[in-house]
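Before anything else, here's the structure in question.
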Amino acid sequence: MTEAATSAAPALSEKARIALGGRNLVFVGLMGAGKSVIGRLVAQSLSIPFIDTDAEIERVSRMTIAELFAAYGEAEFRALETRVIERLLRGGPRVISTGGGAFINENTRRQIKLGGVSVWLKADLDVLWERVSKRDHRPLLKTENPKQTLENLMKQRYPIYAEADLIVQSENVRKDVMANQVLSAVAGMAGRSSEGELQ
Ligand SMILES: Nc1ncnc2c1ncn2[C@@H]1O[C@H](COP(=O)(O)OP(=O)(O)O)[C@@H](O)[C@H]1O
Ligand SMILES: O=C(O)C1=C[C@@H](OP(=O)(O)O)[C@@H](O)[C@H](O)C1
Ligand SMILES: [Mg+2]
């Protein structure tokens with residue numbers, strides 16, 4: 001936990017906690033948007049448990065995401081992802097960072113809409129590409145032209161991510177600054193409907 005993330009704006013964290021009202025906060029968006037790292041920081045600020053669905057899938061399956069894709073294919077991975085997310089949503093409130101394809105799956109999207117507040121970390125292609133090209137553990141990007149693949153995924157998926165409750169632009173600013181932008185967006189929901197609140 002960085003000092004800045006915890007001490008920068010306690011009032012903001014408190015406002016965001018109140019606006020969430022016991023609901024889960026679910027990060028969605030494309031690979032490289034920062035769901036995993038920013039989600040963790042936001043959870044720390046909110047003092048709400050954090051979980052990354054890919055990490056949870058790897059824990060329960062005792063396989064890496066790449067191994068799961070290779071051994072069982074994407075369809076089986078999505079089925080497992082749906083079950084894991086459904087279970088995590090029930091046990092909240094949590095901050096949940098999903099993998100990039102989770103919200104695209106109709107079943108999973110329905111569960112997320114029912115079980116939490118969704119926030120889309122939206123980023124431009126160059127920002128995403130600069131980040132994901134540093135690592136090679138993402139099976140969907142093991143193509144001849146991974147930047148083109150990423151761009152194709154943007155075209156397919158951005159209209160669907162746009163169904164999220166909140167949208168926050170992901171830029172190359174400090175991570176604690178990004179986390180505070182998410183907290184501001186959440187805090188800004190205050191007064192809006194809190195239907196779907198977990199009891
Ligand atoms: N605001 C940011 N500034 C710089 N690098 C970032 C920022 N947000 C995320 N990153 C980096 O981008 C990479 C992808 O982040 P990650 O959280 O794994 O994305 P996702 O889970 O959405 O695929 C990581 O190396 C992370 O440290
Ligand atoms: O976009 C996708 O379909 C995927 C994104 C990955 O998660 P991140 O978005 O955290 O990289 C991971 O779930 C898997 O490789 C599939
Ligand atoms: Mg991630």
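Would it be correct to say that W120 is at pLDDT 95 or above, in a strand (DSSP E or B) and under 22 Å from N152 (Cα atoms)?
Yes, satisfied.
Is it fair to say V28 is closer than 19 Å to N107 by Cβ, aliphatic (A, V, I, L, M) and surrounded by 19 or more Cβ atoms within 10 Å (Cβ to Cβ)?
In short, yes.
Now a separate question. Name every residue in the range 69-100 that is touching a Lys or Arg at 6+ places or on another chain (Cβ under 7 Å) and closer than 22 Å to A33 by Cα, in order of residue number.
Passing the criteria: L88, S97, T98.
Could you list, in sequence order, all residues of the range 82-104 that are out of contact with any Asp or Glu (no Cβ under 6 Å at 6 or more places or on another chain), open to solvent by less than 40 Å² (accessible area, probe 1.4 Å) and not in a strand (DSSP E or B)?
T82, I85, L88, L89, G92, T98, G100, G101, F103
Oh, and also: Could you tell me whether any residue of the range 84-94 is farther than 26 Å from A16 by Cα and modelled with pLDDT of 95 or more?
Within the range 84-94, none of the residues are farther than 26 Å from A16 by Cα and modelled with pLDDT of 95 or more.
Something else now. Of the residues A66, A70, A75, only one is open to solvent by 50 Å² or more (accessible area, probe 1.4 Å), assigned to a helix (DSSP H, G or I), within 29 Å of Q156 (Cβ to Cβ) and in contact (Cβ under 8 Å) with a residue 60 or more places away in the chain; which?
Within the list A66, A70, A75, the selection yields A70.
Could you tell me whether the range 111-118 includes any residue that is more than 27 Å from A16 (Cβ to Cβ), away from ligand 1 (no atom under 15 Å from the Cβ) and touching a Ser or Thr at 6+ places or on another chain (Cβ under 8 Å)?
no
Yes/no matrix, rows are residues, columns are (1) open to solvent by 80 Å² or more (accessible area, probe 1.4 Å); (2) touching a residue at least 12 places away in the same chain (Cβ under 8 Å); (3) part of a helix (DSSP H, G or I); (4) of a type in the set (S, T, Y):
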| position | (1), (2), (3), (4) |
| --- | --- |
| R135 | yes, no, no, no |
| Q148 | no, no, yes, no |
| K155 | yes, no, yes, no |
| Y158 | no, yes, yes, yes |
| M178 | no, yes, yes, no |
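When the range 119-129 is examined, which residues are found to be over 16 Å from the mean Cα position of the chain (by Cα) and open to solvent by less than 80 Å² (accessible area, probe 1.4 Å)?
Answer for the range 119-129, where residues must be over 16 Å from the mean Cα position of the chain (by Cα) and open to solvent by less than 80 Å² (accessible area, probe 1.4 Å): L125, V127, W129.
Can you tell me which residue in the range 44-63 is least open to solvent (accessible area, probe 1.4 Å), limited to those that are assigned to a loop (DSSP other than H, G, I, E, B) and either touching a His at 6+ places or on another chain (Cβ under 8 Å) or in contact (Cβ under 8 Å) with a residue 12 or more places away in the chain (or both)?
Checking each candidate, the answer is I48.
The values are calculated or read from the model by the stated rules, or taken from the named source; none is laboratory data. Only a predicted model underlies this, so the values are computations on that prediction, with no experimental measurement involved. Positions of Cβ are generated from backbone atoms using ideal geometry, with glycine treated the same way; all protein chains shown enter the neighbour counts. Protein only, heavy atoms only, side chains kept; ligands, DNA and RNA dropped before computing areas. Shrake-Rupley method; radii C 1.70, N 1.55, O 1.52, S 1.80 Å.
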